[in-house]
Amino acid sequence: MDSTASESFTLEIPKLADWLNLNQKEHWAPRNKRAQAWRHGAHIMARQAKLPKGLQRVQVDAYVWKKTRVRYDPHNLMPTLKPVIDGLVDCGLLVDDSSEYLVGPFVHHGGYGNEKLVLEIRSLEPLTRG
């Protein structure tokens with residue numbers, strides 16, 4: 001097997017709650033409720049997709065799909081990605097979401113249509129310390 005080859009996985013997560021946005025100023029309680037919906041949903045969907053467990057190191061690219069062509073900054077949706085990544089940790093894909101195990105997530109515009117996140121997860125070689 002080629003030592004440079006890496007496994008890749010795709011996980012599609014429909015919009016589970018309103019997006020969490022860096023520009024929002026709101027009380028923590030409704031924000032937390034939405035974050036928990038994203039986290040729990042990502043956990044369940046990763047389990048249903050039978051993603052592997054215990055990967056040593058991954059890179060995550062997230063593609064945001066929006067229903068209309070209204071301008072937006074994909075990086076403003078990073079607060080949505082934090083609970084999604086936590087859900088991947090909860091399901092055992094990674095041990096932790098620290099930089100030792102995770103590169104990214106990098107957020108990109110995906111397209112227009114049904115609102116969703118599409119995660120491209122690529123297994124990387126473990127970080128070597130030297």
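The values are calculated or read from the model by the stated rules, or taken from the named source; none is laboratory data. Nothing here was measured: the structure is a model prediction, and the numbers come from that model. Note that each Cβ is placed from the backbone with ideal geometry, even for glycine, and that neighbours are counted across all protein chains shown.
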Restricting to segment 8-67, name every residue that is charged (D, E, K, R) and in a loop (DSSP other than H, G, I, E, B). Lys15, Asp18, Lys25, Glu26, Lys50, Lys53, Arg57, Lys67
Residue ID - nearest to Pro105 (Cα to Cα), chosen from residues in segment 25-57 that are among the polar types (S, T, N, Q) and touching a residue at least 24 places away in the same chain (Cβ under 8 Å): Gln56
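Table: residues versus (1) surrounded by 12 or more Cβ atoms within 10 Å (Cβ to Cβ); (2) in contact with a Pro (Cβ under 9 Å, 6 or more places away or on another chain).
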residue	(1), (2)
Glu12	yes, no
Ala17	yes, no
Gln24	yes, yes
Arg34	yes, yes
Ala42	yes, yes
Gln48	no, no
Leu55	yes, no
Ala62	yes, yes
Lys67	no, no
Scan (1) under 23 Å from Gly111 (Cα atoms); (2) in contact with a Phe, Trp or Tyr (Cβ under 7 Å, 6 or more places away or on another chain) for the single condition Leu94 breaks and write down its number. (1)
Restricting segment 82-130 to residues that are at pLDDT below 95 and among the β-branched types (Val, Ile, Thr), the residue that is surrounded by the fewest Cβ atoms within 10 Å (Cβ to Cβ): Thr128
Of the residues in segment 68-119, those that are over 15 Å from Ala42 (Cβ atoms) and either assigned to a helix (DSSP H, G or I) or among the polar types (S, T, N, Q) (or both) come to Thr68, Pro74, His75, Asn76, Ser98, Ser99, Asn114
So which residues in segment 1-27 are of a type in the set (S, T, N, Q), at pLDDT 80 or above and closer than 19 Å to Trp38 by Cα? Thr10, Asn21
